[in-house]
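Participant: This is the structure, below, for whatever I ask next.
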């Protein structure tokens, strides 16, 4: 699995959907589009649902930490790996100080979160961990007005 800062794999895009993210209900549109695109790309039902979960988690993070942004879901093809789906969330929030730490359940980019803070933060700090588990590669890239967080899931895993 590829993790961390840097560019996602360079692959050809076959089908692409872009969804604005400005309000909480946008998560449902992104989930629907991600699942549909994954199914069109040949992913079985369970894998398509997992890709929709990845898209939903990244959308939630845009809303919680990035103010506003968008999510792009693409069917991709890599000569070595074959078909896949890439989900990229763009937001206007600050860059990560430690992305690898943020991937750990129960942590944010600054380290473990105390249980007393969970109630006020709108989650249990497992979203990026779920993205990592349900993807074959994930990372982030600084952008001129924020950042992008990306995740790739290949049809043939391994």
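Participant: Kindly indicate the residue of the stretch 69-94 that is more than 26 Å from residue 24 (Cβ to Cβ) and in contact with a strand residue (DSSP E or B) (Cβ under 8 Å, 6 or more places away or on another chain) and also surrounded by the most Cβ atoms within 10 Å (Cβ to Cβ) among those meeting that condition.
Facilitator: So, considering only residues that are more than 26 Å from residue 24 (Cβ to Cβ) and in contact with a strand residue (DSSP E or B) (Cβ under 8 Å, 6 or more places away or on another chain), the one surrounded by the most Cβ atoms within 10 Å (Cβ to Cβ) is 84.
Participant: Next question. Can you pull out the residues in the stretch 142-158 that are at pLDDT below 90 and either in a strand (DSSP E or B) or buried (at least 21 other Cβ atoms within 10 Å of the Cβ) (or both)?
Facilitator: Selection gives 142, 143, 146, 147, 148, 149.
Participant: Pick from 66, 127, 139, 106: which is under 26 Å from residue 25 (Cα atoms) and at pLDDT 85 or above? Talk me through it step by step, then tell me what you get.
Facilitator: On the way: 66 fails: at pLDDT 85 or above; 127 fails: at pLDDT 85 or above; 106 fails: at pLDDT 85 or above.
Answer to the selection: 139.
Participant: Further question: Scan the stretch 28-47 residue by residue and report those that are crowded, with 18+ Cβ neighbours inside 10 Å, assigned to a helix (DSSP H, G or I) and either touching a residue at least 40 places away in the same chain (Cβ under 8 Å) or touching a strand residue (DSSP E or B) at 6+ places or on another chain (Cβ under 8 Å) (or both).
Facilitator: Kept after step one, since they are crowded, with 18+ Cβ neighbours inside 10 Å, are these residues of the stretch 28-47: 30-31, 33-35, 37-38, 41, 43, 47.
Among the residues that remain, those that are also assigned to a helix (DSSP H, G or I) are: 30-31, 33-35, 37-38, 47.
Once the filter is applied, which keeps residues that are crowded, with 18+ Cβ neighbours inside 10 Å, assigned to a helix (DSSP H, G or I) and either touching a residue at least 40 places away in the same chain (Cβ under 8 Å) or touching a strand residue (DSSP E or B) at 6+ places or on another chain (Cβ under 8 Å) (or both), the stretch 28-47 yields 30, 33, 34, 37, 38, 47.
Participant: For the stretch 48-68, what are the residues that are outside any helix (DSSP H, G or I) and in contact (Cβ under 8 Å) with a residue 40 or more places away in the chain?
Facilitator: Step one: filter the stretch 48-68 for residues outside any helix (DSSP H, G or I), giving 66-68.
Selection gives 66, 68.
The values are calculated or read from the model by the stated rules, or taken from the named source; none is laboratory data. Predicted model only: the values in this text are computed from it and were never measured. Backbone-built Cβ (ideal geometry, glycine too); neighbour counts: all protein chains shown.
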